[in-house]
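A.B. asks: The structure under discussion is supplied below as structure tokens; questions concerning it will follow.
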Amino acid sequence: MESQRILIITSAVLTMICIGLGLQLYQTNQTVTEVQADNTAISLERDQVLFDLEKMSFSYDTLSTENALMLAQMADQKNDIDRLVQQVKNGNWSLARAKKEAETLRGIMKGYVATIDSINQLNLALIDENDQMRARVEEVQERNANLVERQENMEEMITAGQTLQAAESSAEGIRILSNGRQRPTTRAARLSMVRVCFTLLENRIASAGSKTLHLQVSNEAGQILMGEQSDNANALGNPVSATREVDYNNERIEACIFFIPASKNIAAGVYTIRILQGNEIIGETQLVLS
């Protein structure tokens with residue numbers, strides 16, 4: 001009986017010891033699980049911090065500005081981010097402290113982003129304003145060019161309007177007899193001079209006063225015949241056959257110009273006679289000599 005009682009006591013002690021060891025093992029397993037969970041959370045948090053830092057570093061690479069001072073400051077901030085990344089990777093930096101510094105760096109970066117965005121918006125506004133100003137300048141230049149062109153056209157119209165017009169132009173060969181009397185002739189051999197008559201039309205734009213008119217008498221070859229007058233060119237240096245001053249008072253007036261050829265050997269043929277004021281042809285007729 002005594003041995004049976006000792007066996008029971010021994011079994012009970014061993015059972016208690018097993019239960020105690022089981023509880024210790026369970027507690028140890030729980031502790032290991034909790035530690036593993038904490039390590040996993042810390043690892044995830046560390047990876048998140050690294051991801052945020054690397055994203056900030058990449059964001060700095062995408063920022064662009066022409067401000068040299070701001071570029072230098074952003075380069076310094078990017079260096080701080082890269083330094084912090086290496087410290088977190090090497091485990092040389094408290095994760096809580098890294099998170100705090102990352103938040104500070106993120107705030108600084110947001111400030112740069114906002115500033116650069118404001119500058120870009122301002123630049124876009126200035127570009128748009130410059131484009132509008134350039135468009136207005138071009139519009140004004142075009143308007144001025146149109147005004148200049150209109151003025152030039154108006155001046156040309158006024159100049160053209162001031163030019164006289166000769167109508168009802170006619171030419172007649174004249175033979176001077178020995179007694180001084182004049183008779184019409186169509187014979188080239190008997191021709192002494194040519195009388196060209198015309199009517200200057202009314203022109204209220206032209207200035208009144210003395211007007212210099214010229215004749216150009218051309219043969220069938222286009223050569224201009226010279227007259228007996230000493231000056232056979234107008235003020236512009238163009239060859240003329242005869243010249244006359246006419247007193248013009250803006251009213252319709254009839255006038256004649258006489259052409260006395262310098263050469264007495266006038267050939268038969270068709271002669272073209274133009275009436276000129278300055279360089280402008282204001283009338284034209286023909287003379288046929290046989």
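A.B. asks: Among the residues of the range 97-122, what is the count of those that are under 39 Å from the mean Cα position of the chain (by Cα) and surrounded by fewer than 12 Cβ atoms within 10 Å (Cβ to Cβ)?
C.D. replies: Adding up the residues that qualify gives 6.
A.B. asks: Pairs, please: C-beta under 8 Å, at least 6 apart or cross-chain, first residue free of Cβ contacts under 8 Å to residues at least 24 places away in the same chain and assigned by TED's automatic domain parsing to the domain that holds I176 and in the range 242-261, second assigned to a strand (DSSP E or B) and loosely packed, with under 11 Cβ neighbours inside 10 Å?
C.D. replies: Cβ pairs passing all conditions: none.
A.B. asks: Oh, and also: What's the number of the condition A171 fails, among (1) farther than 15 Å from T285 by Cβ; (2) over 50 Å from the mean Cα position of the chain (by Cα)?
C.D. replies: (1)
A.B. asks: Right, next: Here are some conditions: (1) at pLDDT 90 or above; (2) among the aliphatic types (A, V, I, L, M); (3) part of a loop (DSSP other than H, G, I, E, B). V217 meets all but one. Which one does it not meet?
C.D. replies: V217 satisfies every listed condition except (3).
A.B. asks: Could you tell me how many of the residues in the range 261-276 are crowded, with 16+ Cβ neighbours inside 10 Å and at pLDDT 90 or above?
C.D. replies: Qualifying residue count, the range 261-276: 7.
A.B. asks: While we're looking at this one, here's another question. When residues of the range 210-225 are filtered for being touching a strand residue (DSSP E or B) at 6+ places or on another chain (Cβ under 7 Å) and either farther than 18 Å from E280 by Cα or outside the structural domain of A242 (by TED's automatic domain parsing) (or both), how many remain?
C.D. replies: Adding up the residues that qualify gives 3.
A.B. asks: Additional query: Considering each of L7, L69 in turn, give the residue that is part of a helix (DSSP H, G or I) and at pLDDT 70 or above.
C.D. replies: That would be L69, the only listed residue that is part of a helix (DSSP H, G or I) and at pLDDT 70 or above.
A.B. asks: Going by the conditions given, is A96 in the same structural domain as L84 (by TED's automatic domain parsing) and either within 30 Å of D47 (Cα to Cα) or small (G, A, S) (or both)?
C.D. replies: It is true that A96 is in the same structural domain as L84 (by TED's automatic domain parsing) and either within 30 Å of D47 (Cα to Cα) or small (G, A, S) (or both).
A.B. asks: May I pose another question? In the list A206, A188, which residue meets the criterion of being buried (at least 16 other Cβ atoms within 10 Å of the Cβ) and under 23 Å from E228 (Cα atoms)?
C.D. replies: Residue meeting the stated conditions: A188.
The values are calculated or read from the model by the stated rules, or taken from the named source; none is laboratory data. Computed from a predicted structure; not experimentally measured. Note: ideal-geometry Cβ built from the backbone for every residue, glycine included; neighbour counts use all protein chains shown.
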